[in-house]
Every structure is written in structure tokens, then in C-alpha cells.
1. Return the total of residues in segment 141-157 being of a type in the set (D, E, K, R) and assigned to a loop (DSSP other than H, G, I, E, B).
2. Taking segment 84-114 as the region of interest, how many residues are of a type outside the set (Ser, Thr, Tyr), without any contact (Cβ under 8 Å) to a residue 40 or more places away in the chain, closer than 18 Å to PRO146 by Cα and part of a loop (DSSP other than H, G, I, E, B)?
3. Which one is modelled with the lowest pLDDT, of the residues in segment 68-91 that are surrounded by 10 or more Cβ atoms within 10 Å (Cβ to Cβ) and either closer than 20 Å to SER44 by Cβ or small (Gly, Ala, Ser) (or both)?
4. Give the residue, chosen from THR65, THR4, that is out of contact with any strand residue (DSSP E or B) (no Cβ under 7 Å at 6 or more places or on another chain), surrounded by fewer than 18 Cβ atoms within 10 Å (Cβ to Cβ), β-branched (Val, Ile, Thr) and modelled with pLDDT of 95 or more.
5. Can you name every residue in segment 40-59 that is under 11 Å from the mean Cα position of the chain (by Cα) and at pLDDT below 95?
6. Kindly provide the set of residues from segment 32-53 that are in contact (Cβ under 8 Å) with a residue 12 or more places away in the chain and either of a type in the set (Asp, Glu) or under 24 Å from LEU136 (Cβ atoms) (or both), ordered by number.
7. Identify all residues within segment 40-54 that are hydroxyl-bearing (Ser, Thr, Tyr) and crowded, with 20+ Cβ neighbours inside 10 Å; write none if there are none.
8. Taking segment 141-178 as the search range and keeping residues that are exposed (fewer than 14 other Cβ atoms within 10 Å of the Cβ) and without any contact (Cβ under 8 Å) to a residue 40 or more places away in the chain, which one is nearest to THR23 (Cα to Cα)?
Amino acid sequence: MSDTTRTREILTSELRLTSEGFTRSLGGLSTEAWRFRPGADRWSIAETAEHVAVVESAVLRSLTTRLAGSPLPEAERAGQRASDAQITRVMFDRSTRRPAPDIVLPTGRFADPGQAVQLFSSARSSIIAWLATTELDLRGLALPHPALGLLDGMQWVLFAAAHSERHTRQILEVKQLPGYPGT
């Protein structure tokens, strides 16, 4: 089995696991729990879920429409960018708040968790299917990320999994806060 095949299998597994965790974190929420805002400068579960679903759709669009035309510059191939481990470490570090780009900020698109899950699940399933069928050299193509810099195709898939996990953890943290209305 080639390294590329093994990496794709690992990424597919991570995409499935983080999808299940995100979806499970939104299950059974009351309207009050969905909209509970833990502080003036903190997102509600509704806002967090919307952000995750919108980012997932944006990653899908980037992978399927922009990546093929974006070869990774030779200098970047030599290691002048973030490693896979750094991407995961940055995304899982909840001690550092990271401002979201305006285009993926929550705007109140979803009235209930089911709508967010539907958009997220559709995009995530499409990413998994794309990863299984694309013949692109994912390590040889790259697109810029607003905070992480230039990411190759595999790293974009890794980012999608890590991003949803980061925000699943955020949702679970909100559920543990004093004043959270429960489910």
C-alpha cells in the first residue's frame, strides 16, 4: 500500500469520526440550548454549528473547483510551510482564540440544529467521496488558508477534520458552562 493511499485512508477515517462527533454534539438540543450564548464575546452553539457547516462547504468548493489549478510552488514543497502536525496542533489548541474570516462568520442562517447538520453532512460526504475518487496529486497542489498559510490538498482535508473537531470541543465546553439550559 502506498503512502498516499494510507494517508487517504487515515484522512477518510478522521473525516468520518469528526463528522460523527460534530453531529452527535448537536443532537437533542432544545431551542434554548441551541441559542444559549455563554458571553457577549462568545458564540452560541447555533453560531458555532453554522460556522462549521459554512466552512465545510467552502472547503468542499475549494477542493473541487480551485485546487486542480493551483500547483504548489517548488520552494513550498521543500518545507517552507506548516506541517500536518502543526495544523492539527493549532486547530486543537483551544487556549488561543482565532478570529474567523468575515465570509464564514455566523449570520443566523439556521433555525435549528438539523439544518446545520444537513449542510455540514452533505459537504462532508462530498469531501469523502471526492477524496476517494480524485486522481490529483494532493501533495503537489495548494491553496492559501487565511490563518495557516499555504496548505496542500491533503492538508486541506486534514484541516476540515480538525476544524470540525475544534468546534465540537467548543460546543461541548458550552454545554458544561454554568447557566447552560441543558437539552
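The values are calculated or read from the model by the stated rules, or taken from the named source; none is laboratory data. Small disclaimer: the values here were computed from a predicted structure and weren't measured. FYI the Cβ positions are ideal-geometry reconstructions off the backbone, even for glycines, and counts take in every protein chain you see.
1. To start, the set of residues in segment 141-157 that are of a type in the set (D, E, K, R) comprises 152.
Filter again for assigned to a loop (DSSP other than H, G, I, E, B), leaving none.
Selection size over segment 141-157: 0.
2. Qualifying residue count, segment 84-114: 3.
3. Of all residues in segment 68-91, those surrounded by 10 or more Cβ atoms within 10 Å (Cβ to Cβ) come to 68, 70-73, 76-77, 80-84, 86-91.
This time we only want the ones that are either closer than 20 Å to SER44 by Cβ or small (Gly, Ala, Ser) (or both), so: 68, 70, 82-83.
Values: ALA68: 93, SER70: 90, ALA82: 82, SER83: 87.
The selected residue is ALA82.
4. After ruling out the rest, the residue left standing is THR65.
5. Within segment 40-59, no residue meets the criteria.
6. GLU32, GLU47, GLU50
7. Step one: of segment 40-54, the residues hydroxyl-bearing (Ser, Thr, Tyr) are 44, 48.
If the condition is that a residue be hydroxyl-bearing (Ser, Thr, Tyr) and crowded, with 20+ Cβ neighbours inside 10 Å, then THR48 is the only one that fits.
8. The qualifying residue nearest to THR23 (Cα to Cα) is GLN176.
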